[in-house]
1. Tell me which GluC sites (Glu not before Pro) from the range 168-235 have a DSSP coil assignment and no more than 15 other beta carbons within 10 Å of their own.
2. List the residues whose amide H sits under 5 Å from the amide H of PHE136, counting only those 5 or more places along or on another chain, with H placed 1.01 Å from N in the peptide plane.
3. What shape does the range 41-172 take by its C-alpha gyration tensor, where a ≥ b ≥ c are the square roots of the eigenvalues and a/c under 1.5 counts as rounded, a/b above b/c as prolate, and the rest as oblate?
4. Take the chain, connect every pair of alpha-carbon atoms lying under 10 Å apart with a spring to form a Gaussian network, then pick out the residue of PHE198, PHE140, PHE159 with the largest mean-square fluctuation.
5. Among the chymotrypsin sites (Phe, Trp or Tyr not before Pro) in the range 17-116, which ones are in a DSSP loop with at most 14 other Cβ atoms within 10 Å of the Cβ? Mind listing them?
6. Across 10 Å bins from the origin, how do the percents of Cα pairs in the range 165-294 run, short distances first?
7. Once amide H atoms are built 1.01 Å from N in the peptide plane, which residues 5 or more positions from VAL54, or in another chain, come under 5 Å H to H?
8. For the chain, what's the relative contact order in percent, using C-alpha pairs closer than 8 Å and at least 6 residues apart?
Amino acid sequence: MGKNQAIWSFDGSDLPAVEPHTKAKHKILEEYIENLIFTLYGKGRYGVTEFTFVDAFCGGGMYRDPEDSNQEWEGSPIRIIRAVEAGRLRSKRAYPLNVKYIFSDSNKEHLDCLQNYALPKAGLDMIANSEQCEFFHGEFEHLANSIIFSVSLKKGHSFFLLDPFGWTQVSMSTIRKINSIPGSEIIYTYMIDFIERFIAQRHDSQKSSFQNILEADGYYEKADSSKMGTIGEQCYLRNESMRLFREKGNAKYVFTFSLIAKGNVRVLYYLMHMSGNLTALEVVKDSFWKENTLDYQYYFEIYGYGFKSSDYYEEGQISLKFDITQSSEEFCINNLSRDVGKIVNDNPDGVTFRQISELTMEQNPASKRHYMKYLNQLRYESEIEVERKGQVIQGKKITLQRQDIIRRAKHKQLFVFDVKKIP
């Protein structure tokens, strides 16, 4: 059950059940926003101080959790606010942090539940009743222009959580407008199972709607409905989806987190992260990694990261914790050997750490931590050298900076490990 299928009563007396994939999504959201605030506001001489968070399909803000005796489970609006405060506290900065929260939903009872029950129940009624919060009732596509205009006026950094049920509720035109705002980013729930249905019936009456809303003419052309359950076809759908949002949505960086049912390789939906900011991509990859439960190596190659659920209704219990295995770590490093090693080999005069990141961050599951580990290992083995402000840096382990120049050590040719593809 997705958020827009769920129904909240205006007074909170009737709350929908939260599903495992929704819980995983909430944990990712909370982890990411805390780290985003800590990184953008808390680092550097003087960080970003203006933020706007838009939860465009916010729901009623509270669920009941069948895994925990139907105890209440806080929804995305509450988790966004809590994560901002957690990031601010971690930063230990004293200068003002100015945050605006915008919540919208097409159901008035959902907004009433959020404003009058969920936020007060969470102890956030002072924020809910302040100028920090705005509540918009209506279809997001009808509200989008006014919300985007408001965000643009405030400036600073903006984050849009677009969590609709289905692909018809957010147009590519709206996504493009959001991505055109300087300092904006999006996490969008992309219902790939709906796209699969369209592909199976691509010549029916839905075709014009699909083309008009997602502007997907010319995409998914090689998709084969008879192969949807295969790994290769899922890989194709993911890559085409990333290409679609990169090209039609004008997103500089696109990365995905897949939500998958146990015993299946078919994706239920993707969390598509879109931004024009390399730092945002690095931070979201860290957050995706922490909630990843795909422990088979080839899943990383196909899905990036993902959450694979247990049989929820049969087993009744699920763990969202993922212990990163040695094989997964090695797989990330091997990917970097293939992707980064080739770039360093092809640029004997050197290439900056920023250039390496920009060229490869979308291509592999490695986080910034893995990049640091891999490049420091090469330095330790005298395979490469790192130059900063005209001087070669010494020492076993360093924290790389964007403008550091990385080049092969003299008379060295890096060994590039080519990760074996799973057919």
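1. Listed in order of number, the matching sites are GLU221.
2. PHE103, SER104, ASP105
3. Numbers: a/c = 1.86, a/b = 1.19, b/c = 1.56.
Because a/c hits 1.5 or more and a/b fails to exceed b/c, the range 41-172 counts as oblate.
4. With Cα springs under 10 Å in the chain, the top fluctuation among PHE198, PHE140, PHE159 is at PHE198.
5. Here the sparse-neighbourhood loop sites are TYR46.
6. Percent of pairs per bin, in order: 12, 43, 35, 10, 0.
7. ILE102, PHE159, PHE160, LEU161
8. Numbers: 733 pairs, mean separation 53.8, N = 423.
Over the chain, the number comes to 13 percent.
Each value in this text was obtained by applying a stated rule to the coordinates, not by laboratory testing. Computed from a predicted model, the values in this text were never measured in an experiment. Every residue, glycine among them, receives a Cβ derived from its backbone with ideal geometry; neighbour counts consider all protein chains shown.
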